[in-house]
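Notes to accompany the following structure.
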RNA sequence: CGGGGCAUGGCGCAGUUGGUAGCGUGCCUGCUUUGGGAGCAGGAGGUCCCGAGUUCGAGUCUCGGUGCCCCGACCA
């Protein structure tokens, strides 16, 4: 008997930790708050990177790399920025055995070091826009950590763009949050709500922050990606001006946007079950495992299994055979379910005699017979498509069922324990803070998606749930990770 | 930084009034098995977190330290 995973109903938080560790996605390290991303976990990240990187390139972005170390004077340049980040930074004071003349901050994000470069690169409107992304690690000295969701060091991508006009930067901010939404929904099969953060939740140094928010299986919200309009804040801090086509000087407009390995945590908490990981096919490095039932003429069974794998691979479906005799079929079933392989094909002498095999779906655990002929790859690819779709549908249904509207604070308090709550807010930070203090719930997002807005009449005026003052719109509250 | 918990074979744990360390699982060998985490036999594997103290004798008692995890405040 291998590792037992705590059930979700018993202890959701422990379930998550058990799953991450027993599916070998990540491990704790001896460094506080830092994790080791194991091959199974890293494979998911590589799939995410590949898809996102392609989407970035398709929208005109290029990759580059900036230093890990940021001089203290750079970090300090933008007032709000340092105020927000300094408390959670690791700082290098010594190098080569000697104390440094200027301390170096291990990047918590790279706006400052990048804008120091942009200042050198930008003179004219002809140098704009700059559309750079970097894949990197960052460090934030978190007080409390959780595997993938919040660790002291994590991997991410950060896009940093420079534009000639506010409008152009605004378009970029929306374009990228849109890409994140598309990625979350198409690849991760995780529905998200796209919209704006309130002032208190926005990025340190930004004018506006857009985000995508997802609902986890315990009803809590998880911010899965952010895109910031930085206005001219960093350009001013780094004195980055350019000459316009009319010959005037203006400060450069900036954006930044990012997603991190936190997405792996989101993926787990969106779909997985008590048996282990459930991976959407589009993020599975191995989509099909073939398990031969080794009895009778073993050689013949293995040969047939191999030929199925070959046919699937040729068709573009990554499949592999586990023909080891060390473990029983039952052991393998459990193991690959734990690892989230989307489809398991069982193949024994009886099946071969009947010219069929059995396909078991990881998400629904349903088993169906598949004809063992040259249509097999087509049949398998159809099941993969269904899994991808049905994961999304199920998550969306769950989110809808756990989204409630509240018109009184009493109703709000009850509802917010179980999921998202849509309610009127007077727009003040004071009210937001009070509600957080009393319920631990925060305003997750002011949706900017038309269908969501119209569905819940988000823009209809009303009365604030807490203060009773006039409210221009409804917002989404939830407890969050 | 507050509150709680844990530290003993790889992993999960037990260890009584102090007597020289054991169980499950995993690992290695062999045989039998194989359609939902197989069985039997044999075997390897320990600085009991660190330091000091009490004692003839400490995994166990005393004092001091360290590390990690969980719950809160802060955060992608």
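The values are calculated or read from the model by the stated rules, or taken from the named source; none is laboratory data. Here the structure is a predicted model, which means the values were calculated and not measured. Note: ideal-geometry Cβ built from the backbone for every residue, glycine included; neighbour counts use all protein chains shown.
So which residues in the stretch A:327-346 are touching a residue at least 24 places away in the same chain (Cβ under 8 Å), more than 6 Å from RNA strand B (Cβ to nearest atom) and not in a helix (DSSP H, G or I), if there are any at all?
A:339, A:340, A:341, A:342, A:343, A:344, A:345
If you go through the stretch A:238-269, how many residues are crowded, with 23+ Cβ neighbours inside 10 Å and assigned to a helix (DSSP H, G or I)?
Residues that pass the stated criteria total 7.
Could you pull out every one of the strands (runs of 3 or more DSSP E) wholly within the stretch A:381-458 that has 1 or more residues that are at pLDDT below 95?
A:442-447
Of these, A:66, A:56, which one is modelled with pLDDT of 95 or more and either outside the structural domain of residue A:159 (by TED's automatic domain parsing) or assigned to a loop (DSSP other than H, G, I, E, B) (or both)? I'd like the intermediate steps shown before the answer.
Numbers: A:56 fails: either outside the structural domain of residue A:159 (by TED's automatic domain parsing) or assigned to a loop (DSSP other than H, G, I, E, B) (or both).
Residue meeting the stated conditions: A:66.
Please go through the stretch A:270-325 and give me each residue that is assigned to a helix (DSSP H, G or I), crowded, with 21+ Cβ neighbours inside 10 Å and more than 13 Å from RNA strand B (Cβ to nearest atom), ordered by number.
A:270, A:271, A:281, A:283, A:312
Across the stretch A:357-376, what is the total count of residues that are touching a helix residue (DSSP H, G or I) at 6+ places or on another chain (Cβ under 9 Å) and either modelled with pLDDT under 95 or assigned to a strand (DSSP E or B) (or both)? Steps first, answer last, please.
Applying the first criterion (touching a helix residue (DSSP H, G or I) at 6+ places or on another chain (Cβ under 9 Å)) to the stretch A:357-376 yields A:357-365, A:368-372, A:374, A:376.
Those left that are additionally either modelled with pLDDT under 95 or assigned to a strand (DSSP E or B) (or both): A:357-361, A:368-371.
Count: 9.
What residue, of A:253, A:257, is touching a helix residue (DSSP H, G or I) at 6+ places or on another chain (Cβ under 8 Å), at pLDDT 95 or above and away from RNA strand B (no atom under 12 Å from the Cβ)?
Every option except A:253 fails the conditions.
I'm checking my understanding of the structure. Among residues of the stretch A:129-168 that are free of Cβ contacts under 8 Å to residues at least 24 places away in the same chain and part of a loop (DSSP other than H, G, I, E, B), which one is surrounded by the most Cβ atoms within 10 Å (Cβ to Cβ)?
This residue is A:143.
Taking the condition of being touching a strand residue (DSSP E or B) at 6+ places or on another chain (Cβ under 8 Å) and surrounded by 17 or more Cβ atoms within 10 Å (Cβ to Cβ), how many residues in the stretch A:75-95 meet it?
2
Considering each of A:204, A:189 in turn, give the residue that is in a loop (DSSP other than H, G, I, E, B) and at pLDDT 95 or above.
Selected residue: A:189, the only one of A:204, A:189 that is in a loop (DSSP other than H, G, I, E, B) and at pLDDT 95 or above.
Determine, yes or no, whether residue A:217 is part of a loop (DSSP other than H, G, I, E, B) and within 22 Å of the chain's Cα centre (by Cα). Working first, answer last.
Numbers: part of a loop (DSSP other than H, G, I, E, B): yes; within 22 Å of the chain's Cα centre (by Cα): yes.
Yes, satisfied.
Residue A:116: closer than 30 Å to residue A:18 by Cβ and assigned to a helix (DSSP H, G or I), yes or no?
Answer is no for this residue.
Which residues, taken from the stretch A:404-428, are without any contact (Cβ under 8 Å) to a residue 24 or more places away in the chain and surrounded by 19 or more Cβ atoms within 10 Å (Cβ to Cβ)?
Correct list: A:415 only.
Condition first: under 20 Å from the mean Cα position of the chain (by Cα), closer than 22 Å to residue A:85 by Cα and part of a loop (DSSP other than H, G, I, E, B). Can you find one or more residues in the stretch A:193-201 that meet it?
Going through the stretch A:193-201, the residues under 20 Å from the mean Cα position of the chain (by Cα) turn out to be A:193-197, A:201.
Still in the running and closer than 22 Å to residue A:85 by Cα: A:196-197, A:201.
Subsequent filtering for residues that are part of a loop (DSSP other than H, G, I, E, B) retains A:197.
Scanning the stretch A:193-201, I find at least one residue that is under 20 Å from the mean Cα position of the chain (by Cα), closer than 22 Å to residue A:85 by Cα and part of a loop (DSSP other than H, G, I, E, B), so the answer is yes.
Quick check on residue A:395: is it buried (at least 19 other Cβ atoms within 10 Å of the Cβ), in contact with a helix residue (DSSP H, G or I) (Cβ under 7 Å, 6 or more places away or on another chain) and either farther than 30 Å from residue A:444 by Cβ or not assigned by TED's automatic domain parsing to the domain that holds residue A:44 (or both)?
Working: buried (at least 19 other Cβ atoms within 10 Å of the Cβ): yes; in contact with a helix residue (DSSP H, G or I) (Cβ under 7 Å, 6 or more places away or on another chain): yes; either farther than 30 Å from residue A:444 by Cβ or not assigned by TED's automatic domain parsing to the domain that holds residue A:44 (or both): yes.
It is true that residue A:395 is buried (at least 19 other Cβ atoms within 10 Å of the Cβ), in contact with a helix residue (DSSP H, G or I) (Cβ under 7 Å, 6 or more places away or on another chain) and either farther than 30 Å from residue A:444 by Cβ or not assigned by TED's automatic domain parsing to the domain that holds residue A:44 (or both).
Please determine, by comparing only the residues of the stretch A:210-222 that are surrounded by fewer than 24 Cβ atoms within 10 Å (Cβ to Cβ) and in contact with a helix residue (DSSP H, G or I) (Cβ under 8 Å, 6 or more places away or on another chain), which one is nearest to residue A:130 (Cα to Cα).
Restricting to residues being surrounded by fewer than 24 Cβ atoms within 10 Å (Cβ to Cβ) and in contact with a helix residue (DSSP H, G or I) (Cβ under 8 Å, 6 or more places away or on another chain), the top hit is A:222.
Could you tell me which of the residues A:68, A:25, A:52, A:19 is in contact with a strand residue (DSSP E or B) (Cβ under 9 Å, 6 or more places away or on another chain) and either within 12 Å of RNA strand B (Cβ to nearest atom) or without any contact (Cβ under 8 Å) to a residue 60 or more places away in the chain (or both)? Break it down into steps so the answer makes sense when it comes.
Numbers: A:68 fails: either within 12 Å of RNA strand B (Cβ to nearest atom) or without any contact (Cβ under 8 Å) to a residue 60 or more places away in the chain (or both); A:25 fails: either within 12 Å of RNA strand B (Cβ to nearest atom) or without any contact (Cβ under 8 Å) to a residue 60 or more places away in the chain (or both); A:52 fails: either within 12 Å of RNA strand B (Cβ to nearest atom) or without any contact (Cβ under 8 Å) to a residue 60 or more places away in the chain (or both).
Just one listed residue meets the conditions, A:19.
Picking from A:199, A:207, which residue would you name as being away from RNA strand B (no atom under 14 Å from the Cβ) and more than 20 Å from residue A:419 (Cα to Cα)? First the steps, then the outcome.
Values: A:199 fails: away from RNA strand B (no atom under 14 Å from the Cβ).
Residue meeting the stated conditions: A:207.
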